[in-house]
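Note sheet for the following structure.
The values are calculated or read from the model by the stated rules, or taken from the named source; none is laboratory data. Quick caveat, the model's predicted, so the values are computed rather than measured. Methodologically, a virtual Cβ is constructed for each residue, glycine included, from the backbone with ideal geometry; neighbour enumeration extends over all protein chains shown.
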Amino acid sequence: MVELSLSFNPEPVDFNFTITEAAARRIKTLLEAEGRVNQGMRIKVVPGGCAGFQYEFGWTSLSNLTDEEVVEYDGASIVFGQADLRHVTGGKLDYTESLAGSKFEVINPNASSTCGCGKSFA
């Protein structure tokens with residue numbers, strides 16, 4: 001007889017992630033401009049894009065978090081759900097400005113490949 005269990009308990013992740021000074025400064029500027037108090041940036045890894053996964057950015061309250069990981073630097077906070085930790089551990093969030101535009105960029109050592117437009121990764 002075979003027993004099937006639907007519970008999934010992955011090994012714990014030794015999680016680390018950093019925020020550059022430029023990214024922290026931009027997060028704080030955006031939060032202040034939008035009047036958001038006690039909030040941080042939430043980064044999710046979701047299926048999509050031409051390479052398999054993409055990042056979804058948004059704002060979230062820092063109150064009442066349950067099992068999320070929070071990374072802080074110089075007053076800026078980023079929140080990750082447990083399911084996303086394996087995908088981004090060892091990475092960092094940067095913010096760049098150029099003549100072509102400005103953007104937040106996740107520099108991710110776990111991405112084995114990225115798509116041509118840079119919007120998704122595998």
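Quick look at the values:
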{"item": "Residues (touching a helix residue (DSSP H, G or I) at 6+ places or on another chain (Cβ under 8 Å), more than 23 Å from Ser98 (Cβ to Cβ) and in contact (Cβ under 8 Å) with a residue 40 or more places away in the chain) located in region 13-59", "result": "Val13, Phe15, Phe17, Lys44, Val45, Phe53"}
{"item": "Subset of region 75-100 that is surrounded by fewer than 13 Cβ atoms within 10 Å (Cβ to Cβ) and assigned to a strand (DSSP E or B) - its residue that is farthest from the chain's Cα centre (by Cα)", "result": "Ser98"}
{"item": "Where Thr66 falls short, out of the listed (1) in contact (Cβ under 8 Å) with a residue 12 or more places away in the chain; (2) out of contact with any helix residue (DSSP H, G or I) (no Cβ under 9 Å at 6 or more places or on another chain)", "result": "(1)"}
{"item": "Condition met for Glu97 (more than 19 Å from Phe17 (Cα to Cα), modelled with pLDDT of 95 or more and of a type in the set (Asp, Glu))", "result": "no"}
{"item": "Of all residues making up region 56-69, the number that are among the β-branched types (Val, Ile, Thr), loosely packed, with under 12 Cβ neighbours inside 10 Å and under 17 Å from Arg36 (Cβ atoms)", "result": "0"}
{"item": "Criterion: assigned to a loop (DSSP other than H, G, I, E, B) and surrounded by fewer than 13 Cβ atoms within 10 Å (Cβ to Cβ) - qualifying residue of Pro109, Pro47", "result": "Pro109"}
{"item": "Residues being out of contact with any Ser or Thr (no Cβ under 6 Å at 6 or more places or on another chain) and closer than 17 Å to Val45 by Cβ - total across region 91-102", "result": "2"}
